[in-house]
């Protein structure tokens with residue numbers, strides 16, 4: 001059918017406008033101008049001024065995290081993170097919470113493998129109080145024994161509750177502990193029932209003395225403030241803080257698995273099996289990031305991925321399946337996971353492994369590659385909209401020694417991924433099906449024998465108070 005010029009012209013204009021919008025989208029995600037200041041004692045301060053709303057968000061990172069937990073005392077860093085807001089300076093736990101609530105502020109603490117984090121949000125008018133509370137938390141925490149006892153008991157109950165009703169959340173914990181073993185990346189951040197029960201307040205105080213100090217702090221602040229005033233507030237609050245007593249040692253790269261093995265966690269009452277398959281992946285700074293993200297999106301990173309299509313859409317074996325990279329200073333893990341009925345466990349695992357093999361043998365085609373690129377380009381800006389997101393992003397860049405180009409060049413890098421790039425990273429990074437750790441939580445009586453076909457099987461009981469036979 002011929003299209004008359006009078007009809008085609010508006011379409012050409014519309015198409016050109018869409019192209020212009022697409023080009024703008026590729027260029028729109030850029031790191032805002034920011035200032036980096038390093039105090040004499042090692043505190044790193046990162047500032048972005050945004051005056052659109054009268055709010056200030058901050059993200060404070062203490063380098064170290066759970067990788068520094070003492071052997072057998074897994075969970076110390078996470079307990080310390082929780083105690084930081086349970087009394088600091090002249091305020092006990094109740095007074096601290098009341099002060100925070102009186103101004104509508106928010107503070108949250110957490111730990112990860114490589115950092116202890118404090119994030120917060122305050123009205124701009126309460127910026128002095130914000131810095132005062134943060135400075136007290138970091139420099140004058142009470143680390144009260146009674147508060148530790150309550151927090152430790154609560155964390156143990158959280159683990160037991162997850163074992164009762166949320167087994168899907170446990171497979172990555174078992175997986176990381178078994179995959180990395182004695183390597184620091186195998187330390188369970190939350191601890192285990194056994195390790196938590198053994199931790200006393202002296203363990204937390206010792207961690208604080210040895211591993212918390214000015215030279216470990218990254219403080220990222222984004223929002224409605226005057227940069228010069230904020231620098232004065234932070235300098236006055238932190239300039240006299242001591243350095244950590246123990247040097248922060250770099251982590252050595254973990255060793256990938258060379259052959260498949262199995263960890264079976266017996267959950268005798270479960271009518272479903274939850275499985276996780278993984279191996280050592282890549283670091284935060286890996287230059288192949290864009291191509292890896294595109295391929296992972298195609299394999300297991302979205303609803304229409306290869307893995308979810310096979311396990312959920314086509315066969316109905318599961319309600320969901322996915323894959324992800326856990327990137328750290330050194331290579332973390334790449335893993336994919338799903339769940340299914342006990343009687344279809346082996347069928348589902350076989351299909352998941354066959355799907356990974358198909359990724360290696362058939363690769364991806366141009367249509368799906370372009371689809372994954374568009375998906376990533378649409379998702380990426382959504383994670384960098386708010387002040388809190390930018391505060392976290394700046395802190396992450398500093399923590400891993402990455403430049404702003406890690407953000408600024410990402411959309412262009414994704415847009416430029418070609419089939420050859422995808423094939424290359426599949427061969428170089430994505431493990432073959434015979435080089436995986438397989439973790440299965442389910443009925444051991446039904447699964448023990450059939451799982452032996454995948455490799456040597458180690459066993460734990462869900463009731464065991466550890467995450468790995470080695471812990």
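Throughout, read-outs are computed from the coordinates displayed, never taken from laboratory work. Model, not experiment: these values are computed from the prediction. Here the Cβ is made from the backbone with ideal geometry for all residues, glycine too, and neighbour counts use every protein chain on show.
Can you give me the distance in nm between label points at residue 405 and residue 374, each placed 7 Å from the Cα along the Cα-to-Cβ direction?
3.0
Consider all pairwise Cα distances in the chain and report the whole-number % of them above 29 Å. List each step's numbers first, then the result.
Values: 61945 of 110685 pairs.
Tail of P(r) above 29 Å: 56 percent of Cα pairs.
Under 8 Å for C-alpha pairs, at least 6 residues apart: give me the relative contact order for the chain, rounded to a whole percent. Intermediate results must be reported in sequence, preceding the final value.
Numbers: 864 pairs, mean separation 104.2, N = 471.
For the chain, the relative contact order is 22 percent.
What whole-number value in cubic angstrom gives the convex hull volume per residue for the C-alpha atoms of segment 139-210? Provide the component values of the computation, followed by the final result.
Numbers: hull volume 7.8 nm³, N = 72.
For segment 139-210, the hull spanned by Cα atoms encloses 108 Å³ per residue.
Return the equivalent ellipsoid semi-axes of segment 129-173 as a descending list in whole Å, where each equals the square root of 5 times an eigenvalue of the C-alpha gyration tensor.
Values: eigenvalues 199, 43, 11 Å².
Equivalent-ellipsoid dimensions as semi-axes: 32, 15, 8 Å.
Give the relative contact order (percent, whole number) for segment 261-461; include only Cα pairs under 8 Å separated by 6+ residues.
Working: 322 pairs, mean separation 86.5, N = 201.
Averaging sequence separation for qualifying contacts and normalising by length gives 43 percent for segment 261-461.
Summing -39500 (n - 2.57) over the DSSP H runs of n ≥ 4 in the chain and dividing by its residue number, what mean residue ellipticity at 222 nm do you reach, to the nearest 500 deg cm²/dmol? Each step should come with its number before you reach the end.
Details: 17 runs with 200 residues, N = 471.
Calculated mean residue ellipticity at 222 nm is -13000 deg cm²/dmol.
Rounded if a/c is under 1.5, else prolate if a/b is larger than b/c, else oblate: which is segment 353-471, with a ≥ b ≥ c the root eigenvalues of its Cα gyration tensor?
Details: a/c = 2.80, a/b = 1.50, b/c = 1.86.
Because a/c hits 1.5 or more and a/b fails to exceed b/c, segment 353-471 counts as oblate.
If I take every Cα pair under 8 Å that is 6 or more residues apart in segment 35-238, average their sequence separation and divide by the length, what percent do I get for the relative contact order?
Values: 358 pairs, mean separation 80.7, N = 204.
The normalised contact order for segment 35-238 reaches 40 percent.
By per-residue mean of other Cβ atoms within 10 Å, what is the highest-first order of 310-317, 203-210? Write down the numbers at each step before the final one.
Values: 310-317: 16.6, 203-210: 18.1.
Going by the mean number of other Cβ atoms within 10 Å, highest first, we get 203-210, 310-317.
Where does each of 448-458, 433-443 land if you order them by average Cβ count within 10 Å, highest first? Walk me through the numbers before you get to the answer.
Numbers: 448-458: 14.5, 433-443: 22.4.
Ranking the peptides 448-458, 433-443 by packing returns 433-443, 448-458.
Using alpha carbons only, how many angstrom separate the centre of segment 113-138 from the centre of segment 394-417?
If you average the Cα positions of each part, the centres end up 26 Å apart.
Report the Cα centroid-to-centroid distance between segment 33-60 and segment 302-342 in angstrom, as an integer.
37
According to the square roots a ≥ b ≥ c of the eigenvalues of the Cα gyration tensor, what is the shape class of segment 35-238, taking rounded for a/c under 1.5, prolate for a/b larger than b/c otherwise, and oblate for the remainder?
On the way: a/c = 1.86, a/b = 1.71, b/c = 1.09.
Prolate shape, in that a/c is at least 1.5 and a/b is the bigger ratio.
Mind giving me the FRET efficiency for residue 448 and residue 249? R0 is 30 Å, r the Cβ-Cβ distance, nearest 0.05 is fine.
Working: r = 41 Å, r/R0 = 1.35.
With R0 = 30 Å, the Cβ-Cβ based efficiency is 0.15.
From the Cα gyration tensor of segment 282-420, with a ≥ b ≥ c the square roots of its eigenvalues, which class applies: rounded if a/c is under 1.5, or else prolate if a/b is larger than b/c, or else oblate? Please report the intermediate quantities before stating the final value.
Values: a/c = 2.08, a/b = 1.73, b/c = 1.20.
Since a/c reaches 1.5 and a/b is larger than b/c, the shape of segment 282-420 is classed as prolate.
How do 292-298, 409-415 rank on mean C-beta neighbours within 10 Å, highest first?
Ranked by mean Cβ neighbours within 10 Å, highest first: 292-298, 409-415.
Among 113, 271, what is the fewest-to-most ranking by other Cβ atoms within 10 Å?
Sorted ascending by nearby Cβ count, the order is 271, 113.
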